[in-house]
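The values are calculated or read from the model by the stated rules, or taken from the named source; none is laboratory data. This structure is a prediction, so every number in the text was calculated from the model and none was measured. A quick note on method: Cβ atoms are made from the backbone with ideal geometry, for glycine too, and the neighbour counts reach across all protein chains shown. Accessible surface areas use protein heavy atoms only, side chains included; no ligands, DNA or RNA. Shrake-Rupley method; radii C 1.70, N 1.55, O 1.52, S 1.80 Å.
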Amino acid sequence: MEQYLAVSPAPGKPPRPDMVWIPGGAFTMGSDAHYPEEAPAHRVSVSACWMDRTAVTNEQFARFVNATGYVTLAERPLDPAMYPGALPELLVPGGLVFTKPPGRVDLRHIGNWWAYVPGASWSKPLGLDSSIEGLEDHPVVQIAYEDAEAYAKWAGAELPTEAEWEFAARGGLEGAEFAWGAELMPDNKPMANFWQGEFPWQNLRLDGYERTAPVASFPPNGYGLFEMAGNVWEWTSDWYREHKLAPVAQKACCAPKNPRGGSIDQSYDKRQPEIKIPRRVLKGGSHLCAPNYCRRYRPAARYPQQIDTATSHVGFRCIVRAGMTQI
């Protein structure tokens, strides 16, 4: 049964005009009804914060680059020692780009639609022959984790935790499958930029878009946040771990406060994964999520993304917590 949570008033003006107040509170995080990595569903609580109304746009990221001279990870030479056995042509700056195949392909092999494209970067998201001209109000993509973190620091903000992001995505609507309710397309109306048709070769574009959409193209959720489903995946600050590895026994009266990685075991949260290239949690799905392949356009959905990887469907948004110093 869907129900809206009580909303506390915002404490004054937002730190930036494009931020909205997220009141915080307790909610059921995760899902027992979808992908295994989302389980178990468990109660947690998060503190209030301000959050970007939309994903960071190309225009906003360009201002950051112009002000600081920052060079993104996708624009830097690769260290061969980090990628033993890699082909020489792949050890050049670039990013992963989605390319629609001409017909049905084996869905078990993502190489049928993803390719590493030399020269792909935030300002040339599809490769050297592309640009962001005319896409200034689209979410910036080809952003690795450290790029998102650098922008957030410059903006006097931070990246949200997985729990903060999921709470905000639900928009105060408790118990709903989607950020807007129980149906994916109420009255046959797309509520987000996701893939309609048979992925990855047939895009019917019922939502009007082949790739990314301008931010604020679809209705906001209950907190006034746009595109908390579809369009682009968004980075969170949490290391990826499976929820099922964390203890799940908890008292009915107690929801752990501000957990990391969705865990209810606080000591468990703080350890960096002992793997060569660790993953952070992505949330929200993207324009490539499809009913026949990736039903991750839901608040509970999560995905492990390598921190050194930039792709044409991953972006981010920022938050400001109480007490943070603004620039």
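Side notes on the structure shown:
- Distant-in-sequence amide H partners of residue 95 (H built 1.01 Å from N, under 5 Å): 117, 119, 120
- A straight chain from residue 210 to residue 106 at 0.36 nm per residue would run longer than the Cα-Cα distance by 35.3 nm.
- With semi-axes defined as the square roots of five times the eigenvalues of the C-alpha gyration tensor, the equivalent ellipsoid of region 147-193 measures 29, 14, 7 Å, largest first.
- Ranked packing of 308-321, 42-55, 188-201, most packed first, by mean Cβ within 10 Å: 308-321, 42-55, 188-201
- Stretch gain in nm, segment residue 322-residue 136, where the contour uses 0.36 nm per residue and the Cα spacing is subtracted: 63.9 nm
- Taking Lys and Arg as +1 and Asp and Glu as -1, the other residues whose beta-carbon sits under 12 Å from that of residue 285 total +3.
- For region 38-84, pairs of C-alpha atoms spaced more than 18 angstrom apart make up 64 percent of the total.
- Rolling a 1.4 angstrom probe over the protein heavy atoms with all chains in place gives region 161-205 an accessible area of 34 Å² per residue.
- For region 34-130, the C-alpha radius of gyration sits at 1.49 times the compact-globule guess of 2.2 N^0.38 Å, with N the residue count.
- Pairs of alpha carbons in the chain whose separation is greater than 32 Å (percent): 26
- The spread of Cα positions in region 5-56, taken along each principal axis and listed from longest to shortest, comes to 39, 26, 13 Å.
- Helical contribution to [θ] at 222 nm, DSSP H n ≥ 4, -39,500 (n - 2.57), averaged over the chain, rounded to 500: -3000 deg cm²/dmol
- Surface share of carbon and sulfur [accessible, 1.4 angstrom probe, percent] for the chain: 56
- Whole-Å distance, taken between Cα centres, linking region 207-227 and region 284-311: 16
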